[in-house]
Amino acid sequence: MSPLAFFRIKRLNQVHRTLLNADPVKTLIKEVAIASGFRQLGQLSRDYQKMFGELPSETLRSHKNHAKSFPARKIIAPQPNVANEMASEVLDGLLQKPKRIAPKYFYDQRGSALFDTITKLDEYYIPRIEQHIFSLFKRDICEEIGTARTIIEPGAGSCEKIKWLLPDISPAAYVPMDISESHLRENAAKLGLAYPGLIVDPRVCDHTNDTMLDIKLPGSSPVFFYPGSSIGNFEPEAVIDFMRKLRVMMGSGGGLLIGVDTKKNSEVLHTAYNDPKGVTAAFNINVLHHLNHLLGGNLKPDYFEHVAFYNENCGRIEMHLRCVKSHIAHIAGMDLEFSVGELINTEYSYKYHPQEFSALAQRAGLRMKRLWQDKQRYFSVMYFLPALLTV
Ligand SMILES: C[S@@+](CC[C@H](N)C(=O)[O-])C[C@H]1O[C@@H](n2cnc3c(N)ncnc32)[C@H](O)[C@@H]1O
């Protein structure tokens, strides 16, 4: 998708949100006209229809009247320089108070391997309960997805969970996406060997930025598969932005099968992120090794300890690194001071009641079709379809 098309879709989403909230739409429609020019009105209207259904004719008329007076404006897409972007993103985070590192930086090869070890720990209940739900409701879940679909899995990691649905859904293609390149390629290749005939088409990308929208997919109307409650790592508003991207990519015929962790007893949650073997701690601290390697630096993993707790007010697990020795370290050409007791936030993991999550999805243009849970309601597996606008 071109940057211009993406920009247009972003604006269309704004228009759509306003329509949903029944606010006056004139200002936004005017913005769309300014940004893309009157000559694109027909295209805007067609795109809107594809995404959400008919644009109300009154809105269109007022848009036409406004748009006549605005000249076309060219939108120039900036050329991204990935290394600089990473350095500035990491520095931005480390210059904040409190300091932050985005969780995507956990995943170098060692981080991915440590995460795979975490998934085998007794205390980390998520994969076990999620798999149990898939085994209980496999037929139902496969029926919802159907066969011969293109399945896209953001953050696919070890590509293990798609096996829960294979061979029953016999996809047209399986597209695992991940930021951790060697781990992804290795595991995608293994999957291809284990399932001859399955088209495995791995893509390395950061799904928190808009490059995901540029990916050329091997088929249309894909079904997204996003298990493991990875969605919990996004702040709630960012969940909406992310799911809106999925909504754009799935068109009107796709779907989203997603695993979402629920709010529960804080002791269970606390233990899951504080395993006695210290694997989660090693995973957390590894982020500093990764940043040193990635950006050139001497962040000091030995001067930090792992901290994780459930913040009940915010409904999230918080992971931090606590500094145990005051020091100065440098990263990406900048000296940074760390003082004893200071926390660097490395991850949030939000937990949601199914209704809470469904309400967020609705704001991204998705409606919940099915919900499957275990008896204790420790975890939810949900299937979403594109919502159609009824005006
Ligand atoms: C918590 S693990 C989940 C892995 C697997 N989906 C599961 O359910 O077990 C998160 C995965 O997403 C990948 N990941 C994290 N942030 C990412 C990003 N911004 N873009 C792409 N992949 C990302 C990591 O490399 C890792 O494989």
- Along principal axes, largest first, the alpha-carbon spread of the range 81-391 in whole Å comes out as 57, 46, 42
- Task: Work out, step by step, the length gained on full extension between Lys300 and Thr147: first 0.36 nm times the residue separation, then minus their alpha carbon distance; give nm to one decimal.
- Result: 50.1 nm
- Quotient of C-alpha Rg and 2.2 N^0.38 Å, computed over the range 245-391: 1.36
- DSSP loop trypsin sites (Lys or Arg not before Pro) in the range 164-243 with at most 11 other Cβ atoms within 10 Å of their Cβ, which ones? Lys216
- Hey, how much of the P(r) for the range 253-329 falls beyond 18 Å, as a percent of Cα pairs? 55
- Task: Please compute the Cα-Cα pair-distance distribution of the range 148-288 with 5 Å bins starting at 0, giving whole percents from short to long.
- Result: 2, 9, 17, 21, 20, 15, 10, 6, 2, 0
- Message: Under 25 °C and 0.890 mPa s, how fast does the range 160-216 diffuse according to Stokes-Einstein, given a Kirkwood radius computed over C-alpha pairs? Answer in µm²/s, whole number.
- Response: 203
- Query: Taking Cα centroids, how far is the range 103-149 from the range 212-237 in Å?
  - Reply: 15
- Message: Using DSSP to call loops (not H, G, I, E or B), can you name the trypsin sites (Lys or Arg not before Pro) in the range 109-160 whose Cβ has at most 16 other Cβ atoms within 10 angstrom?
- Response: Lys120
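Set the bar at 20 Å for Cα to Cα. Now go through Lys277/Lys351; Lys104/Lys325; Lys120/Lys161; Lys138/Lys351 and name every pair that lies beyond it. Walk me through the intermediate numbers first.
Details: Lys277/Lys351 24 Å; Lys104/Lys325 26 Å; Lys120/Lys161 13 Å; Lys138/Lys351 24 Å.
Exceeds cut-off: Lys277/Lys351; Lys104/Lys325; Lys138/Lys351.
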- Note on the structure: Stretched fully, the stretch from Gln96 through Gln109 gains (0.36 nm per residue minus C-alpha distance, one decimal, in nm) 1.9 nm
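No value in this document is a laboratory result; all are computed from the given coordinates. Not measured: the values here are computed from a predicted model. So basically every Cβ, Gly included, is an ideal-geometry build from the backbone, and we count neighbours across all protein chains shown.
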